[in-house]
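Novice: Have a look at this one.
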C-alpha cells in the first residue's frame, strides 16, 4: 500500500518543527494537541500525530501501535483537560477533497463546550 505524498511545508509540519507557534493543550511522544485558530465551538482542539501521515488511512495502516496509542491517549487527555466528558463532544476527521480536508496532515478535531448540532444533513440520492 502506497501512502499519499507528504508535504513537509504544510502548516502542521511547520508547527511540529516549531516554526509556527501554537496553543498546546497536551503533548506526548507521538502526538500534539493544540487549539484551533478559527474555533467552531468554545472548545475546538486539533490532535495530530507527529509522524508524516496525510490521511487517516495512511496513519491507520502505516503508523505503529505506539503512535496509534499515543494519538488516542492525546484525544482522551484533551477531553479530560477541557472538561468535556459530562456534556459530550464531537470527534471529526476529514479526509481528502470530498471530506473537506484542508491540511494534508491527518488531524482530529475535538469540538465541544456547547451543543454542536446535527452531524450532517440527510442525503437524498435523488438530489445528487
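Laboratory data are not the source of any read-out in this text; all were calculated from the coordinates shown. For clarity, every value in this text was computed on a predicted model and none was experimentally measured. With ideal geometry, Cβ positions are generated from the backbone for all residues, glycine too; neighbour counts draw on all protein chains shown.
Novice: Quick check on region 11-115: take the gyration tensor over C-alpha atoms, sort the square-rooted eigenvalues as a ≥ b ≥ c, and tell me if it's rounded (a/c under 1.5), prolate or oblate.
Specialist: Rounded is the answer for region 11-115, as its axis ratio a/c remains below 1.5.
Novice: Mind checking which of 118, 104, 21 has the largest fluctuation in a GNM of the chain, springs on alpha carbons under 10 Å?
Specialist: In the Gaussian network model the winner is 118.
Novice: Between residue 6 and residue 123, what is 0.36 nm times their sequence separation minus the Cα-Cα distance? Round to one decimal in nm.
Specialist: Residue separation times 0.36 nm, minus the Cα-Cα distance, leaves 38.9 nm.
Novice: Quick check: pseudo-label points 7 Å beyond the Cα along Cα→Cβ at residue 80 and residue 93, how many nm apart are they?
Specialist: 2.2
Novice: With springs connecting C-alpha atoms under 10 Å apart, model the chain as a Gaussian network and identify which of 60, 38, 13 has the largest mean-square fluctuation.
Specialist: 38
Novice: Okay, moving on. Would you look at the GNM of the chain, springs on alpha carbons closer than 10 Å, and say which of 87, 58, 77 moves the most?
Specialist: Per the Cα network of the chain with a 10 Å cutoff, 87 tops the list.
Novice: Using Cα-Cα distances under 8 Å and only pairs 6 or more residues apart, what relative contact order does region 6-92 have, in percent?
Specialist: Computed over region 6-92, the figure is 26 percent.
Novice: On to the next question. Estimate the FRET efficiency between residue 68 and residue 19 by the formula 1/(1 + (r/R0)^6), using the beta-carbon distance for r and 25 Å for R0, to the nearest 0.05.
Specialist: That gives a FRET efficiency of 0.40.
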